[in-house]
1. To the nearest 500 deg cm²/dmol, what mean residue ellipticity at 222 nm is calculated for the chain from DSSP H runs of n ≥ 4 alone, each contributing -39,500 (n - 2.57), summed and divided by the residues?
2. At 20 °C and 1.002 mPa s, grab the translational diffusion coefficient of the stretch 49-161 from Stokes-Einstein with a Kirkwood Rh over Cα pairs, rounded to a whole number in µm² per second.
3. Given a 10 angstrom Cα cut-off, can you work out which residue in Asp70, Asp140, Asp22 is the most mobile in a GNM of the chain?
4. Between Glu69 and residues 5 or more places away or on another chain, which pairs have amide H atoms under 5 Å apart, with H built 1.01 Å from N, and which residues are they?
5. Once the Cα atoms of helix 119-128 and of the chain are each reduced to a long axis, what angle between those two axes, in degrees from 0 to 90 to the nearest 10, is obtained?
6. Could you quote the convex hull projected area for the stretch 20-93, Cα atoms only and averaged over all directions, in nm²?
7. Could you compute the net charge surrounding Met73? Neighbours are other residues with a C-beta less than 9 Å from the C-beta of Met73; K and R count +1, D and E count -1.
8. Can you check what the Kirkwood hydrodynamic radius comes to for the stretch 79-129, Cα pairs only, in Å to one decimal?
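Here, each number is a calculation from the coordinates, and none is a lab measurement. No experiment lies behind these values; they were computed from the predicted model shown. Here the Cβ positions follow ideal geometry from the backbone for every residue, glycine too, while neighbour counts run over all protein chains shown.
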Amino acid sequence: MTDHYALKLDNSLKLDNSLKLDNSLKLDQQICHSLYSATNALIRAYRPLLAELDLTYPQYLVMLALWQEDGVMIKRLVERTRFDAGTLSPILQRLEHKALITRTRSDSDSRQKLIVVAAKGRTLSEQAQKVPEAIVCQLDMTAEEAALLKGLAEKLYRQLL
């Protein structure tokens, strides 16, 4: 018996110390790997900018959603951020602890909580104005390329739901 691996591909048998793989199993051919790596790099680029705002990346996404549409129920925030309620709840607790948001009972449905940007959160939005531009400055990408990338990422997201 040998300690070599055998893999049958294309009706041929290859014996050596590595597996012969077709392109579908090569790491550098995986869309998921490229997206994962790009996402991690992008979040790392955001980290020092958000540190100045005392926000994590998920907190920043929640604040972006609230700056765009304030006074929303948690259900709406789940839709906007694409975080599940279990992920969103501790983020909201931390933002409330930082006095960036308030959570109040809805007048229309006392079982629902309404998320409202607090004064400190509104002030923070002014400081956050520089973040998107600072990220764009780090990218060697045209506006058209960025729009195409965003569109393709959204298309992928919708197709995998």
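1. -18000 deg cm²/dmol
2. In µm²/s, the coefficient rounds to 138.
3. Asp22
4. none
5. Orientation of helix 119-128: about 40 degrees from the principal axis.
6. 6.9
7. Here the count lands on +2.
8. So the Kirkwood estimate lands at 12.0 Å.
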